[in-house]
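Encoded as structure tokens, the structure appears first; notes follow it.
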Amino acid sequence: MLDEFIRYTALQRDQAPLASLLIYLKRKGGYVQLNQIWRENGPTGGGPFWNQTTLLNKLDKLERLGIISMERRILPSPRDEAKKKTNTFYRISPETPLYPYIFGMLKIYREEPDKYSSELVEKPLDHLSDLAGRVPSSDPLVGRELDVAMELIGEVFSVGGDEVRRMIKERMARRGMIRDRRNELPENAPEEIKIKPKRAATGAKKSTKKEKTKAMSEEEDSE
């Protein structure tokens, strides 16, 4: 399937419309009605497709490649519920090898301190094929998806791979998903080592309480 997709994308003079369509369907997640796809990706929605025939041809080809799946449903007519109408729906197939890497066609950048935007990378379909083609057949797809996510984090915050790993580790620690072993004592540590910090803390509390009592008595004597 990947080889067929590469051959098909090589025929695309402009890769942006097809790449935008794949990203759109991935963002939607489930089945999307054809009318909605055209409304949001055609000229009315400011999308990349200027005629419905081109959009239908792309969808048809993606379905034959096994990248998307199509489903026809008989639904009541919006104008007359007594009438039934066949509607066509499309969605990205989660089973396709391209599925985990579709968002890898996006380059994320910071517009303002708290606002981020995205745009297609140069030759997005070639980039997508490259990401999917790096995966050996024995590797789980999740592994490459994590690599893509880490790459995007690095681009957003302009940091290297080591810094990205540190950021992820700190977030996981804050959420209780992992523990920082540097702050933990080994189970076979001597009892006096485990107890001393607690006693020290208790002693600190007592001394603080005595100081407060002494200060209060001194204030009463001065009155």
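The values are calculated or read from the model by the stated rules, or taken from the named source; none is laboratory data. Because the structure is predicted, anything quoted here is derived from the model rather than measured. Quick reminder, even Gly has a Cβ in these numbers, built from the backbone with ideal geometry, and neighbours come from all protein chains shown.
Values computed for the structure shown
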item	result
Filter pass, LEU128 being modelled with pLDDT of 90 or more, more than 20 Å from the chain's Cα centre (by Cα) and among the aliphatic types (A, V, I, L, M)	no
Single unsatisfied condition, GLY47 versus (1) within 28 Å of LEU152 (Cα to Cα); (2) touching a strand residue (DSSP E or B) at 6+ places or on another chain (Cβ under 6 Å)	(2)
All positions within region 100-125 that are among the aliphatic types (A, V, I, L, M) and either more than 17 Å from ALA16 (Cβ to Cβ) or at pLDDT below 80 (or both)	ILE108
Test set (1) touching a Gly at 6+ places or on another chain (Cβ under 9 Å); (2) surrounded by fewer than 18 Cβ atoms within 10 Å (Cβ to Cβ); (3) closer than 30 Å to MET150 by Cβ - THR96 fails condition number	(2)
Criterion: surrounded by 14 or more Cβ atoms within 10 Å (Cβ to Cβ) and over 17 Å from THR88 (Cα atoms) - qualifying residue of LEU21, LEU65, LEU59, LEU25	LEU65
